[in-house]
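Below: one structure, written as structure tokens.
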Amino acid sequence: MKKLILIILLVQSYTVFSQGKLKSVTVTDSFKCYDFSEEALHFYFDLPEVKNSQYTYHFRYKKSAQIIDIYSNDTVNFQGFVMNVAVQNKHKKKNQYKYIYFFEKVALKDSIAENAGKIMLNKVWNSTYSKEFEKSVIHNLLSESLSLSENLSFNLKKIKEYQSRKHGCVRQHPLNKETANIKSAVHQLDSLIDSQEDFSNNFKNKLKKGRSYDFGFYSYYIKTEKELKAWNDAKPIRNYLLSMKPQIDNSLKEQLDKLYNEEKFNGSGYTITFSKKGRLKSLKSNHETFISRLFNKNTRKDYREAKKLLKQVNLGNLELRYGFERIISFYAKGQGYSIFDYNLY
């Protein structure tokens, strides 16, 4: 009897301490973290399919890299958890991709889960939804060239009834009587869950530093302690360059407009670095390596013309304290050029 009690206690301890522990799973097929199917969640992450859940009420709220489960056997005592997911592209060979998925499940406080359950039951379940509505919303978003990076979906079980719904980017839905409930519900759910803790950032802080990860539709590089210190130390430089950005961009464009001859370019893009003296310091092709450029007459010609053009630019009158970097694209004949600033200030 004592041995049985000890075993039960050990199992319970493992369950408690495994909650919130960072885990990983290797995936080699086309499964993406921003398209969580019920089958994939069950197979890879050992989550029950909501439709077959043992609970009388089970609600799953899925975002691009986060899943929230709320469940109960009545409409009062809800429990739940948040699961965050990050993806690392580990290997690529002959178009075969191998991903490592890092994930963590953290239990919700009972009070948070209970309020989330009420929102799911009273607002999400009762909100207007149909396949026609889903198609029209997504069609409108695409036609307006809006981002779908915040695609949301729900899997909902209420006693013996089951719903599976996709709402596209809810925050970009037009506000009307059909969308009012779901927009309000999503806002309340996000605020409620975040009131417990910043689940996303706490999860990121547990990932290995010095690597890039995908979180749904966006990628994020997590700096090492050394890189983070260097980034913080360079803040005065970034602040200065940000304050000089209008002068730099306007002066650069003003001179290029006078010097640029579109007939000399076939279409190419470069990362350009200027010194604090306002002269070209380096020119790097964004889509061609030295070897590939060696065997391509047009890209060699474009590179020479770009270097010749940019060497004529002189921003010395700005009396810069630091150098700067920009991206410049020379388009095919007759289509001009563009300058981009992708620096993080």
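The values are calculated or read from the model by the stated rules, or taken from the named source; none is laboratory data. As the structure is a prediction and not an experimental result, all values here were calculated from the model. Heads up, the Cβs are rebuilt from the backbone with ideal geometry, glycines too, and the neighbour counts pull from every protein chain shown. Accessible surface is based on the protein model in full, side chains and every heavy atom, while ligands, DNA and RNA are left aside. Shrake-Rupley method; radii C 1.70, N 1.55, O 1.52, S 1.80 Å.
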Residue within the range 222-231 that is of a type outside the set (Phe, Trp, Tyr), surrounded by 13 or more Cβ atoms within 10 Å (Cβ to Cβ) and within 17 Å of ILE339 (Cβ to Cβ) present: no
Some residue of the range 301-320 being over 30 Å from ASN151 (Cβ atoms), in contact (Cβ under 8 Å) with a residue 60 or more places away in the chain and loosely packed, with under 14 Cβ neighbours inside 10 Å: yes
Among (1) closer than 30 Å to SER111 by Cβ; (2) open to solvent by less than 40 Å² (accessible area, probe 1.4 Å); (3) not small (Gly, Ala, Ser), the one test that LEU241 misses: (1)
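Each row is one residue, and each column tells you yes or no for (1) more than 15 Å from LEU344 (Cβ to Cβ); (2) not basic (Lys, Arg).
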| position | (1), (2) |
| --- | --- |
| GLN196 | yes, yes |
| PHE199 | yes, yes |
| ASN202 | yes, yes |
| LYS209 | yes, no |
| GLU225 | yes, yes |
| LYS235 | no, no |
| TYR240 | no, yes |
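Would you be able to say whether some residue in the range 102-120 is within 23 Å of SER164 (Cβ to Cβ), surrounded by fewer than 17 Cβ atoms within 10 Å (Cβ to Cβ) and not hydrophobic (A, V, I, L, M, F, W, C)?
The answer is yes; a qualifying residue exists.
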Residue match in the range 162-182 (condition: assigned to a strand (DSSP E or B), in contact with a helix residue (DSSP H, G or I) (Cβ under 6 Å, 6 or more places away or on another chain), at pLDDT below 90 and open to solvent by 60 Å² or more (accessible area, probe 1.4 Å)): yes
Test set (1) over 30 Å from the mean Cα position of the chain (by Cα); (2) modelled with pLDDT of 85 or more - LYS284 fails condition number: (1)
Output for the range 188-221, where each listed residue is surrounded by 13 or more Cβ atoms within 10 Å (Cβ to Cβ), without any contact (Cβ under 8 Å) to a residue 24 or more places away in the chain and under 12 Å from ILE119 (Cβ atoms): ASP190
